[in-house]
Amino acid sequence: MIEHIVIFKFNEKVTSEQEQALLDQLLAFKGQIPGIAELSAGINVTEETEVAHGFSLGLRVTFETQEDLRNYGPHPLHQAFVASLSGLLEQVIVVDYPIL
């Protein structure tokens with residue numbers, strides 16, 4: 001199993017409605033993209049604002065295999081999500097690691 005974690009920081013133009021729409025897109029991946037064993041995503045509600053650095057949306061996806069993670073990138077739903085980020089994203093952090 002492979003854990004895929006993504007944390008998004010949006011520019012100041014992004015509204016809460018846009019952020020919610022992006023979250024809805026991410027949540028729709030489960031059951032639609034093969035190889036996803038588990039998925040959770042949400043708006044950052046941390047009270048540790050001094051260390052959040054403006055990152056406001058998080059995604060965690062557990063894939064069955066490394067190959068499933070590789071196939072996720074070019075999947076049409078993922079590509080549609082990536083396209084919807086155009087002009088909205090300031091920074092993104094991605095971490096992938098095997099679950100031991």
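The values are calculated or read from the model by the stated rules, or taken from the named source; none is laboratory data. Source: prediction; values computed, not measured. Reconstructed Cβ throughout: ideal geometry from the backbone, glycine too, with neighbour counts over all protein chains shown.
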Log entry, pairs with first residue in the stretch 28-44 being over 19 Å from VAL82 (Cβ atoms), second being acidic (Asp, Glu), beta carbons closer than 9 Å, six or more apart or on different chains, reads ALA37/GLU64; ALA37/ASP68; ILE43/GLU19
By residue number, the members of the stretch 55-70 that are closer than 17 Å to LEU26 by Cα and not basic (Lys, Arg) are PHE55, SER56, LEU57, GLY58, LEU59, VAL61, THR62, PHE63, ASP68, LEU69
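Could you tell me which residue of the stretch 15-30 is surrounded by the fewest Cβ atoms within 10 Å (Cβ to Cβ), considering only residues that are assigned to a loop (DSSP other than H, G, I, E, B) and out of contact with any strand residue (DSSP E or B) (no Cβ under 9 Å at 6 or more places or on another chain)? Full working, then the answer.
Narrowing the stretch 15-30 to residues assigned to a loop (DSSP other than H, G, I, E, B): 15, 28-30.
Filter once more, keeping what is out of contact with any strand residue (DSSP E or B) (no Cβ under 9 Å at 6 or more places or on another chain): 15, 28.
Details: THR15: 10, ALA28: 14.
Filtering first and then ranking leaves THR15.
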With criteria (1) outside any loop (DSSP other than H, G, I, E, B); (2) surrounded by 12 or more Cβ atoms within 10 Å (Cβ to Cβ), ILE33 comes up short on (1)
Checked pairs for the stretch 56-67, first more than 16 Å from PHE81 (Cβ to Cβ), second at pLDDT 95 or above and charged (D, E, K, R), C-beta under 6 Å and 6 or more apart or across chains, list as THR62/GLU3; THR62/GLU38
